[in-house]
Every structure is written in structure tokens, then in C-alpha cells.
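Inspection log for the structure reproduced underneath, given as C-alpha cells.
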Amino acid sequence: MSYCVNCGVELDRGISACPLCDTPVINPHETDVEYVRRYPDLPVVGVKSNRRNLILPVTLLLMIPTTITLISDYLTTGGLSWSVFVVSSLILVWIFLIPPFAMTKSRLLPCLALDWTGLAIYLYILSLATAEEDWLVPIALPIAGVLGVLVLGIAALFIYVDLRKLVKFAIVMFAGSVFLVFIELMIAAHDGKLGRFSWSFFPAIPIAIIGVIALVVNRNQRLKQDLKERLFY
């Protein structure tokens with residue numbers, strides 16, 4: 001039951017105006033007008049986000065500190081000196097970020113290979129900027145090369161071989177442990193102290209033990225289920 005807002009007369013259901021004073025009747029619960037939605041349903045079906053739209057914003061965002069760094073270096077030193085380190089680092093960040101956005105499909109291995117190439121070029125630029133120090137060939141490039149091989153190898157293994165999550169975690173732990181020992185080995189060889197280890201075993205051994213624990217948990221189904229329940233995994 002509804003009443004006219006002007007004269008208060010009782011109104012019949014479904015009328016559009018008051019029969020006494022001709023005031024329009026607006027009742028949201030009694031209308032024949034079809035409701036039209038002014039916004040699309042969420043999520044929008046059939047519409048995919050385009051990662052390429054992020055290329056320009058990310059590039060412009062990285063250009064801001066690059067421009068500020070170059071101008072600051074030129075105004076303070078009259079040339080380009082320390083800005084080389086900052087700008088080359090920003091370019092390396094761009095190489096890490098943009099290729100995944102530019103590719104129509106996710107291609108992990110090509111992106112990782114491109115990242116390693118950018119890292120090698122970055123190290124070469126740094127070696128040119130610090131020409132008095134001979135560290136590129138004897139230390140930096142071998143370490144970067146082994147890192148690239150490990151990352152590419154692990155990524156290919158994970159892509160083409162169906163492994164459980166704990167096994168993948170253990171592989172990463174073992175690779176990290178070996179890589180730490182290799183870093184100290186290269187530094188010791190450069191310093192003429194080949195075969196002498198001091199710090200690498202301290203982080204490498206616990207990391208390897210964590211990998212072993214992951215494998216043990218993976219083989220024990222009851223223990224694995226208990227950890228999933230306790231950790232909400």
C-alpha cells in the first residue's frame with residue numbers, strides 16, 4: 001500500500017500519477033521499467049589483460065631516475081663519471097622487466113638467457129669504469145657464468161620434469177650450497193690461495209641440510225601431511 005506524497009491519498013498499485021492531484025508516483029518496488037546495469041559484470045568474460053601495456057609506463061618510470069642521475073653527474077663533475085654505475089644498473093633492471101611483458105607467451109628460458117646476457121654486459125661496463133681493478137675475467141664472469149648455467153638448468157628441469165614442490169626446493173638448496181663454495185673458490189684462486197676455504201662452508205652446510213630435510217619430508221607422507229596442517233600449506 002502506498003500514498004501520494006503531495007495530498008496523502010491512497011494509491012492503487014501500478015498507477016503512474018495521483019488521481020487527485022496528478023502528482024507523479026515513483027515507487028521503486030512497483031515499476032515496469034526494466035533495470036539497466038550501468039557497469040559490466042566482474043570479472044569481464046572474454047577480456048584478457050595485455051602485459052604489453054606495461055612496457056611504456058615501466059620504461060618512462062625508469063627514465064626519470066636515469067635522466068636525473070645524468071643531469072646531476074654532469075652539473076657536479078662536468079662530465080659522466082659515477083652516473084655510469086647508476087644508469088647501467090637501471091638498464092639492467094629494464095632488461096629484467098621488459099622482455100616478459102613484451103612476449104605474447106611466457107617463455108622462461110629465453111628470458112633467463114637474456115637476463116644473463118644483460119648481466120654479463122653490465123659487469124663488462126663496470127670493469128671499464130673500474131679499469132684499475134682486474135676482477136672481470138678471473139672472478140666476475142666465471143661466477144656469473146656458473147650462476148647462469150645453474151639457473152637455466154634448474155628452470156629447464158622444472159619445466160620438462162614433473163617434480164614435487166619439496167624436491168624442487170631441495171634442488172634449489174643444493175644448487176645454492178654448491179654456488180657459495182664456488183664463489184669462495186674463485187676468490188681464493190684470484191688471491192693465490194687456491195684450496196683454502198674459510199666462510200663458504202658456514203652458509204653452505206646449513207642450506208644443504210635444509211635440502212636434505214626437504215627430501216626426507218617429501219618421502220614421509222604422514223610427516224608431510226602434518227606439516228601442511230600446521231603451516232596451512
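The values are calculated or read from the model by the stated rules, or taken from the named source; none is laboratory data. Owing to the predicted nature of the structure, the values given are computational and were not obtained by experimental measurement. Every residue, glycine among them, receives a Cβ derived from its backbone with ideal geometry; neighbour counts consider all protein chains shown.
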Considering only the stretch 196-215, I want to know if a residue exists there that is assigned to a helix (DSSP H, G or I), under 24 Å from ASP115 (Cβ atoms) and of a type in the set (Gly, Ala, Ser). no
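Within the stretch 128-146, which residues are closer than 24 Å to VAL181 by Cα and either at pLDDT 85 or above or not charged (D, E, K, R) (or both)?
Of the stretch 128-146, the ones closer than 24 Å to VAL181 by Cα are 133-146.
The answer is TRP135, LEU136, VAL137, PRO138, ILE139, ALA140, LEU141, PRO142, ILE143, ALA144, GLY145, VAL146.
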Residue in the stretch 74-86 that is closer than 24 Å to VAL149 by Cβ and free of Cβ contacts under 8 Å to residues at least 60 places away in the same chain present: no
When you scan the stretch 107-119, do you find a residue that is at pLDDT below 90, among the small types (Gly, Ala, Ser) and either crowded, with 16+ Cβ neighbours inside 10 Å or part of a helix (DSSP H, G or I) (or both), even just one? yes
State yes or no: is PRO40 modelled with pLDDT under 60, in a loop (DSSP other than H, G, I, E, B) and out of contact with any Pro (no Cβ under 7 Å at 6 or more places or on another chain)? yes
If you check every pair at least six apart or on different chains, which have Cβ atoms under 9 Å apart with a residue in the stretch 122-140 that is closer than 24 Å to PHE96 by Cα and surrounded by 13 or more Cβ atoms within 10 Å (Cβ to Cβ) first and a residue that is of a type in the set (D, E, K, R) and at pLDDT 80 or above second? none
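Out of the residues in the stretch 68-84 that are exposed (fewer than 15 other Cβ atoms within 10 Å of the Cβ) and under 22 Å from TYR124 (Cα atoms), state the one that is nearest to the chain's Cα centre (by Cα). Reasoning before the result, please.
As a first pass, look at the stretch 68-84 and keep what is exposed (fewer than 15 other Cβ atoms within 10 Å of the Cβ): 68, 71-72, 74-82.
Going one step further and asking which of them are under 22 Å from TYR124 (Cα atoms), we end up with 79-82.
Working: GLY79: 35, LEU80: 32, SER81: 31, TRP82: 28 Å.
By that ranking, first place goes to TRP82.
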So GLY192 passes all but one of these: (1) loosely packed, with under 14 Cβ neighbours inside 10 Å; (2) assigned to a helix (DSSP H, G or I). Which condition number does it fail? (2)
